[in-house]
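The values are calculated or read from the model by the stated rules, or taken from the named source; none is laboratory data. Small disclaimer: the values here were computed from a predicted structure and weren't measured. With ideal geometry, Cβ positions are generated from the backbone for all residues, glycine too; neighbour counts draw on all protein chains shown.
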Amino acid sequence: MALIDTLKAQLVELFESDPGWVALFNHHGWAFDVEELRAVGTQQLVEYLTTSLLDVDFTLPGFEDFHSEGQLLVCPGIPAQSLLYHALASPNVIAGPDGFELMHFPSLALLDTLENFIFSVAGASLQSLEQHAREQLGFPDGAAVELAVCSFSVEYRTAATTVHGEYADQCFSRTGVARVGTTPAQYQPQLRGFSPFVEGDDIHSIRVLPCRYSPYIAVRSKGRKDVFGPADSLSSSSGSTNIDDRQNDFWVPLHKLFSGEECLQGLNLNVDQQAQHFNQKLEKFGHLLNDKANAGIPESELSKAPYRLSENLAGWQSPNDFGEGLLCPVPHPLVAAAESDNMPVGFTSPKMSPDGSSVFYDSFAPSLAMQAEQGARPWPEYAHVREQVEANGSTASLSDNPDVVNITKQGGYTALHYLDFAADGFIHPVVTHAGQQLLQSNGQTLAAVSAYSLVSAPDFFPRVRQRFIYQWWKNEVPNKASLGQLPAWWQWLVDNGYWESVWRAEPIPLSDIRMAANIQMPETPFSANDITCSAIVSLVQTPSNTLTHSVRKMPNTQRNTFLPDGAAGVFAPGWDTSFDTDKSQAQNTNHLAAYGLGSPFPEDAKLCAALSTFWPAAAPDTTRTFFEVPFSAGSVVPLTDDEMGVGTQPSWDGLIGPHITEQNADYIVVQYPDYPRADYTRNALEGKFSIAQTAKVSFEEYQRRLLTMLRTYRAVGEIDNKENAHIISFKPVAALDAELEQAQEQANIELTGPIYRVEGFNNRFNRQANVSAPTNTDESGHYTTRQVVISWVVFVGADGGVLMRLKQGDGSQRRSQWTLQDA
């Protein structure tokens, strides 16, 4: 069936199900009804879609960021200038011209068909595409233009998140990020995408998140911010002194490839993509154990399951439902015991060195930590060693043993290997014609360039993108500070260095990293000198110079993104991926590699989530969950009481956060989970993780929490020593909250919202110890309590107002007045 016939049938089905779409397109100048669409001839419909000028209403919600030069329903070869595509693909188009919400939305299969049709009517050939690239990129006449067949992850985005930021557009990367989960993916048509948690889901379910890949004819070019990007192009002038994207090579999409005779003139294409993924954590761990602990695992076994997983990790979804190229992780428990022939697979847990003299060290006991040279991760940085395998094959948990820390430090017992189902791999395009002939241009066979495919840990903040955080912190706020556009309390934070030092490591997104994909994985298609695979680019095009209408500044943030600006580019060891060094090259080559993450990933999630949102867009900040955390530097973006299980909802990690269990006039008693004994791997095994609460956190909420904590630390006098202040409670409060009203009345000020209440205490008060030693709540020591003499409560509003009160114990005998703080 011709593309136009398929497209027509799909449009008729959608428009019949929801007449609001007909009214919407009528409003923009496409005068039709469903019966007319059903009756129109094929050629007449093609001509109308591609030539009839519209009267686009750019003020209509959802169309503010449509390309200002878009006047056609279908602009050949340019989805961003095709009103039909924008209306159906943009997550901001959710209502008709009457303001009533649309009730039915396009399937991914319809969007895939429409994309194919947009490129088909361009009438492209390999020769015309080469000429287009030559003209747009300024290649001199006679200079070689290198084309290839490339697989890209691709997403249609609202203007604020595109490469150029001017209008809604398709964005592409040769890296895609799918995410593991416990239940199948569910397409949410209104979002035109997927979310890890859907209303009505079991509170502990986490949906897998897919990634969409499509093959394109692409051209190799040095970075050109004015033509294709990349997004946030790096150069010495932008502060990245070791990187200049104007000198880096990028593969840039020109034309989508799909099967049939309508894609490229004169060719009948057969288009396919092959996916291969590997989980090599236990394989790499096994090699280390053989090398450093004489484990004696046969080398032949290390390339097989359960050490190396290569099946049942991710696969293609039905094109009838989702169009071509939707790669989806297979649902699994987040963690599973490693088995072979129905018997547990274990290893002799090595002794941990207290002084770093061994590769195995005890800084994070009872987790096994493994160090490597110069930050590279040739094996998992952490491993779970708290499940002991007995001689008869049974297992016993050490987590409830009061001496678990010392037992794991000494090692010598058989610990159970655990699997997670994270992975990395590649998506390889296979495009032939006339049987099995490969595409050629100017007598040269076009190379097939693979995409790097990540199957990563869940993103517990799916509405917060790493790129947003980084741009806001690195560029937007400092720029406003330099122009004097910040309130005084915020300007003070910038001027005194507290803004610059808020993170332990810069929250750079993976899309800004220039590093090869995994060149050491089995069957790798990647090369050491291809360092731009994680960059985000657009189609080669001439961007609009000016916009005649305002652009909505924020996108619809409920939709997960699978492009790498939603992933972390900090590798210590990492969240979405890590990195290794290939020393077999003439020059050591760093490359991305997923096997350097924790084994299993919840082991690392515990250790680094407690280091103040070390991976801001993914990992919750659990610093305040525990009284003491190794290497802690205070909380950056705290979780609320509800998100920590102090209330009616389960926590994200299966623990119950700090809370007051007893109070009198002399002291309060605060209960904490004990950091060493908190066992995230066991909690994952028992299905206690939950994304239901954290998935609701918006980027704006994330920003407010960060600012609230900085102001709180300043108010309580510990902004230079944040680890000395402990947060018992963090929550938003309503304007009519009785305690807030009392505070405002005493201080003679009214705070503006949103307003947060923060309760906590400092280690010392008036140079005296303020906190008792811990007391275990039971023999296992999973939870401890501490007596606190003087505590504080702080209210932080959106403006310059911070109110604070001190109290001893419950405050019944000794408390201060509420005072306005300079914070």
Contacts under 7 angstrom Cβ, first residue in the range 3-16 being touching a residue at least 12 places away in the same chain (Cβ under 8 Å), partner among the aromatic types (Phe, Trp, Tyr) and surrounded by 15 or more Cβ atoms within 10 Å (Cβ to Cβ), 6 or more apart | Leu3/Phe117; Ile4/Phe117; Leu7/Phe117; Leu14/Trp21; Phe15/Trp21
So which of Tyr675, Tyr595 ends up being of a type in the set (Phe, Trp, Tyr), in a loop (DSSP other than H, G, I, E, B) and either in contact (Cβ under 8 Å) with a residue 60 or more places away in the chain or surrounded by fewer than 20 Cβ atoms within 10 Å (Cβ to Cβ) (or both)?
-> Tyr675
Got at least one residue in the range 61-76 being in contact with a Gly (Cβ under 8 Å, 6 or more places away or on another chain), surrounded by 15 or more Cβ atoms within 10 Å (Cβ to Cβ) and modelled with pLDDT of 95 or more?
-> yes
Output for the range 51-103, where each listed residue is over 18 Å from Arg192 (Cβ atoms) and in a helix (DSSP H, G or I) | Thr51, Gln81
Check on Ala391, of a type in the set (A, V, I, L, M, F, W, C) and at pLDDT below 95 = yes
Residue satisfying all of: in the range 689-727; surrounded by fewer than 19 Cβ atoms within 10 Å (Cβ to Cβ) and of a type in the set (Gly, Ala, Ser); nearest to Ser205 (Cα to Cα) among these | Ser698
Residues of the range 641-664 satisfying the condition of being closer than 16 Å to Ile203 by Cβ and not hydrophobic (A, V, I, L, M, F, W, C) | Asp642, Glu643, Gly645, Gly647, Thr648, Gln649, Pro650, Ser651, Asp653, Gly654
Got at least one residue in the range 752-775 being within 33 Å of the chain's Cα centre (by Cα), among the β-branched types (Val, Ile, Thr) and not in a strand (DSSP E or B)?
-> yes
Conditions (1) assigned to a loop (DSSP other than H, G, I, E, B); (2) more than 16 Å from Ile656 (Cβ to Cβ); (3) small (Gly, Ala, Ser); (4) modelled with pLDDT under 95: number failed by Gly717 = (4)
For the range 327-386, name all the residues that are among the hydroxyl-bearing types (Ser, Thr, Tyr) and either in a strand (DSSP E or B) or in contact with a strand residue (DSSP E or B) (Cβ under 9 Å, 6 or more places away or on another chain) (or both).
-> Ser340, Thr348, Ser349, Ser353, Tyr361, Ser363, Ser367, Tyr382
Would you point out which residue out of Thr113, Thr59, Thr50 is touching a strand residue (DSSP E or B) at 6+ places or on another chain (Cβ under 7 Å) and among the β-branched types (Val, Ile, Thr)?
-> Thr50
Got at least one residue in the range 275-293 being in a strand (DSSP E or B) and charged (D, E, K, R)?
-> no
Could you tell me whether any residue of the range 341-358 is within 23 Å of the chain's Cα centre (by Cα) and either of a type outside the set (Gly, Ala, Ser) or surrounded by fewer than 17 Cβ atoms within 10 Å (Cβ to Cβ) (or both)?
-> no
Test set (1) over 26 Å from Ala488 (Cα atoms); (2) not in a strand (DSSP E or B) - Ser791 fails condition number = (2)
Scope the range 192-239; condition among the charged types (D, E, K, R), modelled with pLDDT of 95 or more and surrounded by 22 or more Cβ atoms within 10 Å (Cβ to Cβ); matching residues | Arg192, Arg207, Arg212
For Val477, indicate whether it is modelled with pLDDT of 95 or more and touching a strand residue (DSSP E or B) at 6+ places or on another chain (Cβ under 7 Å).
-> no
Exactly one of Ala516, Ala488 is over 29 Å from Phe631 (Cβ atoms) and touching an Asp or Glu at 6+ places or on another chain (Cβ under 7 Å), and that one is Ala516
Sort through Pro184, Pro196, Pro189 and tell me the only one that's closer than 26 Å to Phe322 by Cβ and within 18 Å of the chain's Cα centre (by Cα).
-> Pro196
Does Tyr167 count as closer than 22 Å to Ser318 by Cβ, buried (at least 21 other Cβ atoms within 10 Å of the Cβ) and touching a helix residue (DSSP H, G or I) at 6+ places or on another chain (Cβ under 6 Å)?
-> no
Condition check for Gly286: more than 22 Å from Ser153 (Cα to Cα) and more than 26 Å from the chain's Cα centre (by Cα) = yes
Out of Tyr167, Tyr213, report the one residue that is in a strand (DSSP E or B) and either more than 30 Å from Lys688 (Cβ to Cβ) or not aliphatic (A, V, I, L, M) (or both).
-> Tyr213
